[in-house]
Amino acid sequence: MKKLFLAAFMIVLAISVKNAFGQTEPEQDSIQELELARALLSDMQVSLDSLDSNLLVPIEQLADSLIELNLFAEAHEYLDRAIQIVRADDGLYTEYQRPLLVKKIENYIDLDDWDNVRENLDHLSWLYITKSRRINENLVEDLLVLSRIHLRAFTEDVSLFEGYHLKQSARTRGMALAVARAIWGETDVRLAPMIYDQLRQLHLQTAALWHGGPASSTLRQDALNGGRNWSGLLEYAPSVGNWNSRFDVNLNYYFLGLGLFDELHGIYAEEEAQNLEGLAMANLYLADWHILYDMPAQAKETYRLAYDGLLTAGVEAALLGELFSQPMIIPESQFYATAGGALAAKQNRMVALGDKNSQNYLTFSEWSSVLPNVQSPINEDEQDLDPDYALFSFSLGEIGAVLPLDVPRSIKSVSMIEQAQVLNHSIEPPPAELLLLEKLNSLTFRPKLVGGTPQQFDGRLKYQIAD
C-alpha cells in the first residue's frame, strides 16, 4: 500500500511542478508518466471494485497523460469511466462530474468529433441551468468556461453551426454575469471585466452579422422579444419567416451595449470613495463603442469627456500624452480601470522591427479567418506563436460624418484608413496585395488623441494572420 501511495504522490508532484513552472516536459518524461499512471491504476484495481471512488484520481491522471501524448481515443474511454464512477458514487446529476465533462468535450474537439461536442455541450448547459445545487463563484467560472468552449467551437466546428455557438456563448456568459450579480451585488468591481467581456461578445456578434454566412443568417432570423431578461441581455427567440435587416440588428446590439456601459459606470460611481479614474476609463471605452457602431459625434464628445475626467482624477498629462500618442485597434482585449494599466498593456503590444531607432509598429493578432477583424475573445496566449504576418504603412483619417443608411457597413465613416501600402509579408505563396489590404481595412481604430481631440495619424502595423 505504501508503494501505491508513493507512486500516486510522485505523479501528483511531477504534474504540480510542471504546472507551477509552466514547463513542457520532454516526450520521454510524458511516456514515463503514462507508464507510471498505468501501473498505479493496475495495482489499485486488484483490491478495489471497478466503481470505487478511490480509482477516480489515477483514472483521471491516466487520461491526462494520454491526452498529453495525443492518444485521444483511449483517453475518451478513461474519461467515460471516471464519469460513471462519479455518477455511481454521488448521483446522476452531481456537480462533481462537470470538470470531467469539460475535459471530455475538449477531448472530443481534439478528436474532431463535433456531433458529440455539441451533444455534450447541450448536456453540460442543462446541468448548469437545472441541476446546480449552489450559486457560488465556482458556478460563475464554470459558465464562463462553457462560453469560451462555444467560442472555440465557432471557429472550428462546421460553418452550419456558427450561429448556434455564438448564441450559446452569449447565453452562458449572460448567465454567469447574472450569477455574479446575485452573489457579489450590482456594483462590485469584480463585475467590470465580466461586463466588458459581454460587450466584446456583442461586438463579435456584430462582426459575424456583417461578415455574412450562416451565423449572420441566424442572428437576422432571431426576433427581439422586447424585454430585459434575468441574464441581463435581450433574448432572441426564433421566429418563422422573420428576417430582420442587418442595420436593425446592428442597432439593437449598439443599444444593448449602452445598457451595459450604464452598469459599468454605476460600479465606479457607487464606490464609497467615488473612483473618478475608473469612471473616466469607462467613458474611454464607451467612446470606442460609439466608434465601432459609426456614431462619430458621440465618439468625439465622449473622448473629450474621458480625457478631461482622467485629468480631474489626477492622471498626469504626460502619461495621457503617451497613452493616446498612437491609435489603438478596438475593441481592446480587456478592460483597464486605470490609465497606467492601459499604457502598460499598449507598450507590451508594440513591436520594433529593424534597428533600435526604427519606428514602432502597432500589432494585431487575427483570431480566425472566419472573422478576420476580431482579436481572440478566448485566450491570446493560445494563439499560434509564429503566425504568418503582413507589414503595412497607413494613414488614418479623422472622425468623419455619419454615413447614409444605404451605404454598406464595410465602408467606415470613423477612423477611416485613407491610404495604405503593404511593406512586407511572410505568406507563401504570395497573395494578391488587395487581399492583404482588405484585412487592414477591416480593422477599427481608436484615434490618436491630443487633449482629448482626435487627430490624423501616419504609422505602421504588423498584422498576424491566423491559420
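No lab work stands behind these numbers, since they all come straight from the coordinates. These figures come from a predicted structure and were not determined experimentally. Virtual Cβ from ideal backbone geometry, glycine too; neighbours counted across all protein chains shown.
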Please list, in order along region 199-204, the HN-Hα scalar couplings obtained from phi with the Karplus expression 6.51 cos²θ - 1.76 cosθ + 1.60 (θ = phi - 60°), rounded to whole Hz, x for Gly and Pro. 5, 5, 4, 4, 5, 4
Here the residues of region 75-116 lying in the modelled label zone of residue 138, meaning backbone nitrogen under 11 Å from a point 7 Å along Cα-to-Cβ, are 95-99
Label-to-label distance, nm, for residues given as residue 93 and residue 319 (7 Å Cα→Cβ offset): 5.1
Quick one: 3J(HN,Hα) in Hz for region 165-170, Karplus 6.51/-1.76/1.60 with θ = phi - 60°, rounded, Gly and Pro as x. 5, 4, 5, 5, 5, 5
Going fewest to most other Cβ atoms within 10 Å around each Cβ, 94, 218, 312 line up as 312, 94, 218
Just order 53-62, 165-174 by mean Cβ neighbour count inside 10 Å, highest at the front, would you? 165-174, 53-62
Is there a quick way to get the dipole size of region 268-348? I mean about its Cα centre, with the Cβ of Lys and Arg at +1 and of Asp and Glu at -1; what is the value in debye to the nearest 20? 280
Out of region 264-356, which trypsin sites (Lys or Arg not before Pro) are coil in DSSP terms and have no more than 11 other C-beta atoms within 10 Å? 356
